[in-house]
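The values are calculated or read from the model by the stated rules, or taken from the named source; none is laboratory data. Everything numeric in this text was worked out from a predicted model, so none of it was measured. Here the Cβ is made from the backbone with ideal geometry for all residues, glycine too, and neighbour counts use every protein chain on show.
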Amino acid sequence: MQSVQKYFPNLTPLQIDQLSQLGPLYHEWNEKINVISRKDIQNIYPHHILHSLAIAKEFSFKEDAEILDLGTGGGLPGIPLAILFPETKFLLVDGTGKKIRVANEIISAVGLKNVEAKQVRAEELKQKFDFVVCRAVTGLDRLIPWAKSLLKKEQRHAVPNGLITLKGGNLKAEIKGLPNKEYIEMYALSDYFEEAFFNEKYVVYVQGL
């Protein structure tokens with residue numbers, strides 16, 4: 001939790017309390033249902049919760065905005081972001097029922113009212129969203145068409161509606177293989193966080209329309 005407070009010093013007492021609950025809850029649930037690598041659960045705050053919150057270093061969501069966390073797994077990045085933006089509405093979806101159960105149990109335990117988690121595939125969703133967020137779900141070539149089909153046409157933010165994803169690896173090669181018409185911005189997480197874990201990790205924004 002210290003790593004979160006180090007980079008987000010203006011959290012409210014409620015946000016600190018809610019974020020502090022996440023570590024023990026994920027430890028407890030990961031013993032039953034593996035949503036985070038067993039080797040990495042000890043790094044739940046820097047590698048998972050702070051990583052999820054990295055989106056907020058570059059993007060802010062308005063009150064009553066609707067955000068989709070696509071392929072949320074056990075609730076990342078959606079749950080930490082829902083704590084940070086309590087007036088924004090979050091829907092977390094994943095195709096694996098066990099993972100959604102973990103997400104819903106943690107949402108309930110922390111007392112979040114602005115987020116729900118559902119077992120549903122992206123192509124089955126009828127609702128539209130201001131932004132689609134996700135964390136290392138799949139390649140951009142698959143992710144971008146999914147996200148674009150789920151975005152509202154109406155724009156409410158300073159940044160046009162789009163996909164915001166946390167990515168690592170050989171991003172330049174991945175982006176090079178995409179159609180030239182895509183408008184993409186990359187933000188290096190090492191610009192915000194000094195820990196070595198964040199080297200070669202990025203927030204990637206793809207404008208939707």
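Right, residue 7: at pLDDT 95 or above, more than 18 Å from residue 134 (Cα to Cα) and either in contact with a Cys (Cβ under 7 Å, 6 or more places away or on another chain) or surrounded by 20 or more Cβ atoms within 10 Å (Cβ to Cβ) (or both) or not? When the stated conditions are applied, residue 7 does not pass them.
Has the range 82-89 got any residue that is farther than 20 Å from residue 207 by Cα, over 11 Å from the mean Cα position of the chain (by Cα) and of a type in the set (Phe, Trp, Tyr)? Yes; the residues of the range 82-89 include at least one that is farther than 20 Å from residue 207 by Cα, over 11 Å from the mean Cα position of the chain (by Cα) and of a type in the set (Phe, Trp, Tyr). Filtering the range 176-204 to residues that are assigned to a helix (DSSP H, G or I), over 20 Å from the mean Cα position of the chain (by Cα) and among the hydrophobic types (A, V, I, L, M, F, W, C) leaves only 196. Among the residues examined, residue 60 qualifies as under 22 Å from residue 137 (Cα atoms), surrounded by fewer than 18 Cβ atoms within 10 Å (Cβ to Cβ) and among the small types (Gly, Ala, Ser).
Of the helices (runs of 4 or more DSSP H) lying entirely inside the range 72-165, those containing at least 2 residues that are surrounded by 14 or more Cβ atoms within 10 Å (Cβ to Cβ) and of a type in the set (Gly, Ala, Ser) are 78-84, 97-110. In the range 181-209, the residues that are surrounded by fewer than 15 Cβ atoms within 10 Å (Cβ to Cβ) form Cβ pairs under 7 Å with partners that are among the small types (Gly, Ala, Ser) and at pLDDT 95 or above, at six or more places apart or across chains, as follows: 199/190. Picking from residues in the range 152-170 that are touching a strand residue (DSSP E or B) at 6+ places or on another chain (Cβ under 6 Å) and of a type outside the set (S, T, N, Q), the one that is modelled with the lowest pLDDT is 168.
Of all residues in the range 21-52 being surrounded by fewer than 15 Cβ atoms within 10 Å (Cβ to Cβ) and farther than 15 Å from residue 73 by Cβ, which is modelled with the lowest pLDDT? Step by step, filter the range 21-52, then rank; the result is 39. Could you list, in sequence order, all residues of the range 19-52 that are among the β-branched types (Val, Ile, Thr), more than 21 Å from residue 8 (Cβ to Cβ) and not in a loop (DSSP other than H, G, I, E, B)? Within the range 19-52, just 41 meets the criteria.
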